[in-house]
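A.B. asks: Pasting a structure here, questions to come.
The values are calculated or read from the model by the stated rules, or taken from the named source; none is laboratory data. Bear in mind the structure is a predicted one, so any value in this text is a computation, not a measurement. Glycine also receives a Cβ, built like all others from the backbone with ideal geometry; neighbour counts cover every protein chain displayed. Keep in mind that these areas ignore ligands, DNA and RNA; they rest on the heavy atoms of the full protein, side chains included. Shrake-Rupley method; radii C 1.70, N 1.55, O 1.52, S 1.80 Å.
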Amino acid sequence: MMKEDTIDFGFRKVRVDEKQKLVAGVFDSVASRYDIMNDLMSLGIHRLWKRHAISLLQVRDHHDVLDLACGSGDLSLLIAPKLKSGQLTLSDINDNMLAVAKNRLIDRGVVGNVHLALANAESLPFQDNSFDRIIIGFGLRNVTHKDKALASILRVLKPGGRALILEFSHPTSSLLSTWYDAYSFKMLPFLGKIIANDSESYRYLAESIRMHPCQESLKAMMLAAGFDSCHYFNLTGGIVAIHQGIKY
């Protein structure tokens, strides 16, 4: 009997066709406490990471922008004020997270040129060359087939467009890496239990960070997907990295 293909779900190996459902379960569980946990896990630094990413995205008022794996809408709230005649599309594979993002934007009065799309990053339901800018914040590591997602992002990006991937990455010093491991595998599940009554989801999030490609590997994947150029910026000692890809 042929062995089924498997893929990483944190440190576990699961069938390829199971991962999407398992990841959905994680975000269904954490959606209502997502922002509180982000602040606690990063000591609020995630807000600085996101602002830096948006500055690198270089949004202009006429651009059409895709916020992919939009989470709770933090990045969209930073993008929206920059758009006058352009369009902002929020997309996520998880309907609970998309609902959280929608409600946050409505509460802040961000309406009009905003669209929502429940979509899988591996097969985006948009026409070729649709967006001037695409950003995916802390979502790529949860995608089952990252190569397919990168190819899909490139397809819907306009020539001359820019795609940014903001993601947890690999610390650049062994000392920081040791401290980060201790924090991630002890403190994150503890906070998850106290705040969200869910330690296992946050244990998975810590594991998924460790299994995500390192900075150079992700750069190579983006170039292999067809981006004409790619470079990255380390933030907070490589705990987070921003990868930027250009399509000429």
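A.B. asks: For the residue pair L48 and D35, what label-to-label distance in nm results when each label sits 7 Å from Cα along the Cα-to-beta-carbon direction?
C.D. replies: 2.1 nm
A.B. asks: Another question, then. Less than 11 Å Cβ to Cβ from G160, Lys/Arg counted +1 and Asp/Glu -1: what total charge do the surrounding residues give?
C.D. replies: +2
A.B. asks: Probe 1.4 Å, all protein chains in place: accessible area of C230 in Å², nearest 10?
C.D. replies: In the full protein context, C230 sits at about 10 Å².
A.B. asks: Give me the percent relative contact order of the stretch 76-187, please, defined on Cα pairs under 8 angstrom at least 6 residues apart.
C.D. replies: On the way: 120 pairs, mean separation 24.6, N = 112.
The value is 22 percent.
A.B. asks: Leaving ligands, DNA and RNA out of it, work out the accessible area of R12 with a 1.4 Å probe and give it in Å² to the nearest 10.
C.D. replies: It works out to around 130 Å².
A.B. asks: Let me ask you something else. Write down the percent of antiparallel bridges among all DSSP beta bridges whose residues are both part of the chain, to the nearest 5.
C.D. replies: Counting DSSP beta bridges with both partners in the chain, the antiparallel share is about 50 percent.
A.B. asks: Arrange the residues K219, K247, K21, K102 by how much accessible surface each exposes, largest first, with a 1.4 angstrom probe.
C.D. replies: Greatest to least solvent exposure: K21, K102, K219, K247.
A.B. asks: Accessible surface of M187 in the full protein assembly, 1.4 angstrom probe, to the nearest 10 Å²?
C.D. replies: 80 Å²
A.B. asks: Can I ask one more? When the accessible area of the chain is split by element with a 1.4 Å probe, what percent falls to carbon and sulfur?
C.D. replies: C and S fraction of accessible area: 55 percent.
A.B. asks: To the nearest 0.05, what FRET efficiency results for Q58 and D8 with a Förster distance of 45 Å applied to their C-beta separation?
C.D. replies: E(calc), rounded to 0.05, equals 0.85.
A.B. asks: Here's a follow-up. Report relative contact order for the chain in percent, whole number only (criteria: Cα-Cα under 8 Å, sequence separation at least 6).
C.D. replies: 20 percent
A.B. asks: Next up: What does the extension gain come out to for D228 and D28, with contour length at 0.36 nm per residue minus their alpha carbon separation? Don't jump to the answer; show the numbers that get you there.
C.D. replies: Working: separation 200, 0.36 × 200 = 72.00 nm, distance 3.61 nm.
In short, 68.4 nm is gained.
A.B. asks: Percent antiparallel among DSSP beta bridges with both residues in the stretch 1-110, to the nearest 5?
C.D. replies: Here the share of antiparallel DSSP bridges comes out near 50 percent.
A.B. asks: Under the rule a/c < 1.5 gives rounded, and otherwise a/b versus b/c splits prolate from oblate, where does the stretch 165-248 land using the Cα gyration tensor?
C.D. replies: Note, shape of the stretch 165-248 comes out prolate.
A.B. asks: What is the sum of charges, Lys and Arg at +1 and Asp and Glu at -1, for the other residues whose Cβ falls under 12 Å from the Cβ of R12?
C.D. replies: Cβ neighbours under 12 Å give a net charge of 0.
A.B. asks: Continuing with this model, one more query. Classify the stretch 91-176 as rounded, prolate or oblate from the Cα gyration tensor: take a ≥ b ≥ c as the square roots of its eigenvalues, call it rounded if a/c is under 1.5, otherwise prolate when a/b beats b/c and oblate if not.
C.D. replies: oblate
A.B. asks: Quick one: accessible area per residue over the chain, 1.4 Å probe, rounded to a whole number of Å²?
C.D. replies: 47 Å²
A.B. asks: Would you compute, from DSSP H runs of 4+ residues alone, the mean residue ellipticity of the chain at 222 nm, taking -39500 (n - 2.57) per run and dividing by the full residue count, rounded to the nearest 500?
C.D. replies: Details: 10 runs with 108 residues, N = 248.
That calculation yields -13000 deg cm²/dmol at 222 nm.
A.B. asks: Right, something else. Classify the stretch 92-236 as rounded, prolate or oblate from the Cα gyration tensor: take a ≥ b ≥ c as the square roots of its eigenvalues, call it rounded if a/c is under 1.5, otherwise prolate when a/b beats b/c and oblate if not.
C.D. replies: oblate
A.B. asks: Please give the length that would be gained between E216 and S174 if that part of the chain were fully extended, namely 0.36 nm times their separation in residues minus their C-alpha to C-alpha distance (nm, one decimal).
C.D. replies: Fully extending the segment from E216 to S174 adds 13.4 nm.
A.B. asks: Another question about this same structure. Mind checking the full-extension length gain between E200 and I106? Use 0.36 nm per residue of separation minus the Cα-Cα distance, one decimal, nm.
C.D. replies: Working: separation 94, 0.36 × 94 = 33.84 nm, distance 3.14 nm.
Value of the extension gain: 30.7 nm.
A.B. asks: Connecting C-alpha atoms closer than 10 Å in a GNM of the chain, tell me which of L75, L66, L175 has the biggest fluctuation.
C.D. replies: L175
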